[in-house]
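One structure below.
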Amino acid sequence: MQWATTTLAFYGLGATALATSMLTLGRRLELSQAKHRSLAGHARMARRLAGFVPFYDYDEDRFFDSDNAPADIAGLRRAGLARLSEVYKTRFPETVRCSAEAAKTISDLQFTGAYRVPFQYRRVVRAHLPLGTFLQSSEGVTVTDLDGNRFYDLTGSYGVNVFGYDFYKGTIERGAARMHELGPVLGAYHPLIIENANRIREISGLDEVSFHMSGTEAVMQAVRLARYHTRRSHLVRFCGAYHGWWGDVQPGIGNPQPAHETYTLAEMSEETLHVLRTRRDIACVLVNPEQGLHPNAPAPTDSSLLDSTRSSHFDREAYTDWLKRLRDVCSERNIVLIFDEVFVGFRLAPGGAQDYFGVRADLVTYGKTIGGGLPIGVVCGRKDLMKRFRDDRPADICFARGTFNAHPYVMAAMNEFLRQFQAPETQALYRGLDAVWDGRAKRLNRRLAEEGLPVQVANMSALWVVYYTQPSRYNWMLQYYLRAQGLTLSWVGTARLIFSLNYTDADFDAVADRFVAAAKTMQQDGWWWHDPATTNKTIRQAIMKEMIAHRLFPSRKH
Ligand SMILES: Cc1ncc(COP(=O)(O)O)c(C=O)c1O
């Protein structure tokens, strides 16, 4: 009897263990199904594979015919590069000299300098098209380099520049003047911080505010608060979305350590909603609304422009619908919905992305432009979520401090920014804003198509992505032709053009003329020669073959 009871108990335990592991397995399977199919959707695998990519590069011959172009086309390209190189050497000598000197000791410059084009082409490009990263002044929508060349600025200073550089010169100057008496005293506040908090509350529609030093820090704090209040471990970020360089939000390539408490899920996906609805370990969902322009794809830098698969299309209705459904599931499951508006806040609508898409978040992060031109990160949120201690557990706190948080000069520049932002003349800018920028994108696309150029742009308001309509291995060259035409881009190249909202029609037309001229020259120089048998797939296969060969036989000449 005793024996039978024990056996039964064992069977019972075994059955329970089996059921539990089946359930765990089922949950894991659901998680896998909610991942995006791309490599970016599989952060760990991407990191592992990245470690296998061998370095190799093209010599001065292969550089011109890596797509197996015939000799006459390679010759055209060679002559084109020589002409372009001459322009760079004669027009930008001091800017380039200074950049080269700085790159010896400033590691950031070494990094950005190395990642402007696919690495196979890097050596030849750097020898012939040295880029300068130095400027002496800015005015209107232009910047001027050390050699006195004026460029239309398409960098938007990483998104900080929403209203034009002169606007921020004003906010910084007036702010500094107002802080003259207090000086850089930290820890205590100047009274204008109260107005800042109230204005941000008004803009965000949320209850409380905290100040940090960068967007990355604001995101860290928002996630920490969500974990603290929900007592759950995991954050969900969407495939391809950037939220700064903190490890937990950058689980893939770029971070040497895996992020153990991050789920990278597919955006605009039923499977993701199912995971959110059924798992119990999810504290928060982070949304970067910029992803509406290219859901599930990382901001596509020109260094990864190996072919023409880059594609972008902003479907406002579909993205709005997705955000609404996400909101519902988060409310249902008490998951904290965080809108990371560090980049898009103040760009799309007076009340930011929440206003633009008509969806309320529980926590919102701002950064970049809200500092009035100075470094900043802001978290705002519901009162219950912003609280950093528990009344009934005094030792259980959610710590977040920082020496330079709420620096008086930053607060003063922010105050100037917020006042001017909320002034009726600035608010008026947002009326019909999308129509203006959609119209400009459409005009440029029409011109490019009429000229038979394989280039188009997609946009979310004044944020633009350039994409390419025919398979090619040389699209990344366009950034160099654009610069020669007086258009300056950030180090990610044609992956992102950021216009400030002070671009007039005349300014824009000048940019469009130069853009078309650059693309035409590039076409005349043969870079977009196309073998009809070539597809994006065949390009990728060819590169894969090269990589495998170099991995297996590194010392052999290929
Ligand atoms: C959406 C988003 N979140 C966070 C960050 C990080 O901000 P910061 O560079 O100020 O640390 C960025 C920066 O580009 C961003 O675009």
Notebook entry, point to check: Tell me, what % of the accessible area of region 59-174 is carbon and sulfur with a 1.4 angstrom probe?
Noted result: 56 percent
Check: Considering the dipole of region 179-315 built from charges on the beta carbon (Lys and Arg +1, Asp and Glu -1) around the Cα centre, which of Leu306, Ala283, Ala218 is farthest to its positive end?
Finding: Ala283
Next item on the list: Express the accessible area of region 261-333 per residue in Å², computed with a 1.4 Å probe while the remaining protein chains stay in the model.
Entry: 38 Å²
Margin query: Which one, Val87, Ala510, Asn334, projects farthest toward the positive side of the charge dipole computed for the chain from Cβ point charges (K/R +1, D/E -1)?
Written below: Asn334
Checklist line | Within straight-line cross-link reach of Lys520, lysines at Cα separation under 23 Å, skipping those fewer than 8 residues along the same chain | finding: Lys89, Lys442
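Could you work out [θ]222 nm for the chain from helices alone, using -39500 (n - 2.57) per DSSP H run of at least four and dividing by all its residues? Round to the nearest 500 deg cm²/dmol. Walk me through the numbers before you get to the answer.
Details: 19 runs with 249 residues, N = 558.
About -14000 deg cm²/dmol.
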Next item on the list: Please give the FRET efficiency for Ile543 paired with Ile194, using the beta carbon to beta carbon distance and R0 = 56 Å, rounded to the nearest 0.05.
Entry: 0.50
Item checked: Arg443 versus Ala19: modelled label distance in nm, points set 7 Å from Cα along the beta carbon direction -> 6.8 nm
Next item on the list: Give, in nm to one decimal, the length gained when the segment between Met45 and Asp505 is fully stretched (0.36 nm per residue of separation minus the Cα-Cα distance).
Entry: 161.0 nm
Checklist line | Label-point gap, in nm, between Ile106 and Thr309 - each point 7 angstrom along Cα→Cβ | finding: 3.5 nm
Next item on the list: Bin width 20 Å, alpha-carbon pairs only: give the P(r) of the chain as whole percents, running from 0 to the bin holding the largest distance.
Entry: 19, 50, 26, 4, 1
Notebook entry, point to check: What's the FRET efficiency of Gln257 with Ala428 using the Cβ-Cβ distance as r and R₀ = 45 Å, to the nearest 0.05?
Noted result: 0.40
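Calculate the tail of P(r) for region 336-383: the fraction of all Cα-Cα distances greater than 17 Å, expressed in %. Could you put the intermediate results ahead of the total?
Values: 316 of 1128 pairs.
Value for region 336-383 (Cα pairs over 17 Å): 28 percent.
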Item checked: Relative compactness, region 71-183, computed as alpha-carbon Rg over 2.2 N^0.38 Å -> 1.39
Notebook entry, point to check: What is the set of long-range amide H partners of Leu497 at a cut-off below 5 Å, with H atoms built 1.01 Å from backbone N?
Noted result: Trp464, Val465, Val466
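Taking each pair of different alpha-carbon atoms in region 502-556 once, compute 1/r for the pair, average those values, and report the inverse of that mean as the Kirkwood hydrodynamic radius in Å to one decimal.
Working: mean 1/r = 0.0673 Å⁻¹.
This gives a value of 14.9 Å.
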Check: Between Cys284 and residues 5 or more places away or on another chain, which pairs have amide H atoms under 5 Å apart, with H built 1.01 Å from N, and which residues are they?
Finding: Val236, Val336
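Using the Cα centre as the reference, give the magnitude of the dipole from point charges on the C-beta atoms of the chain (Lys, Arg: +1; Asp, Glu: -1; all else neutral), rounded to the nearest 20 debye. Working shown, then result.
Values: 67 positive and 59 negative charges, 301 e Å.
For the chain, the charge dipole is close to 1440 debye.
Helices from the chain with mean Kyte-Doolittle at least -0.5 and a Cα length along the axis of 27 Å or more, per DSSP H: which?
Details: long enough: 2-33 (46 Å, 0.36); 71-91 (30 Å, -0.25); 505-524 (28 Å, -0.17).
Both cut-offs are met by 2-33, 71-91, 505-524.
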Note to self: If packing is taken as the average number of other Cβ atoms within 10 Å across a peptide's residues, how do 494-507, 396-409 rank, most packed first?
What the structure shows: 494-507, 396-409
Note to self: Please give me, ordered by residue number, the trypsin sites (Lys or Arg not before Pro) of region 203-238 that lie in loop per DSSP and have at most 14 other Cβ atoms within 10 Å.
What the structure shows: Arg231
Margin query: Could you report region 52-200's accessible area per residue, 1.4 Å probe, as an integer in Å²?
Written below: 51 Å²
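How much area per residue is accessible in region 451-502 when the probe is 1.4 Å and only protein heavy atoms are counted (Å²)? Before the final figure, lay out each step's value.
Details: 930 Å² over 52 residues.
I get 18 Å² per residue for this part.
For the chain, calculate the relative contact order in percent as a whole number, restricting contacts to Cα pairs under 8 Å that are 6 or more residues apart.
Values: 942 pairs, mean separation 115.7, N = 558.
Relative contact order, the chain: 21 percent.
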Note to self: Net charge within 11 Å of Asn536 by Cβ-Cβ distance, Lys/Arg positive one each and Asp/Glu negative one each, not counting Asn536 itself?
What the structure shows: +3
Notebook entry, point to check: How do Arg97, Arg37, Arg178 rank by accessible surface area computed with a 1.4 Å probe, from largest to smallest?
Noted result: Arg37, Arg97, Arg178
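Which of the chymotrypsin sites (Phe, Trp or Tyr not before Pro) found in region 245-295 are loop residues per DSSP with 14 or fewer other Cβ atoms within 10 Å of their Cβ?
Numbers: sites: Trp245, Trp246, Tyr263; in loops: Trp245, Trp246.
When the chymotrypsin sites (Phe, Trp or Tyr not before Pro) of region 245-295 are filtered for loop state and at most 14 Cβ neighbours within 10 Å, Trp245 remain.
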Checklist line | Kirkwood Rh in Å, taken over all unlike Cα pairs in region 415-514 | finding: 15.0 Å
Next item on the list: Return the distance in nm (one decimal) between the two label points of a simple spin-label model at Glu317 and Asp531, each offset 7 Å from Cα along Cα→Cβ.
Entry: 4.3 nm
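The values are calculated or read from the model by the stated rules, or taken from the named source; none is laboratory data. Since we're looking at a predicted model, the values are computed, not measured. So basically every Cβ, Gly included, is an ideal-geometry build from the backbone, and we count neighbours across all protein chains shown. Surface accessibility is based on the protein's heavy atoms, side chains included, excluding ligands, DNA and RNA. Shrake-Rupley method; radii C 1.70, N 1.55, O 1.52, S 1.80 Å.
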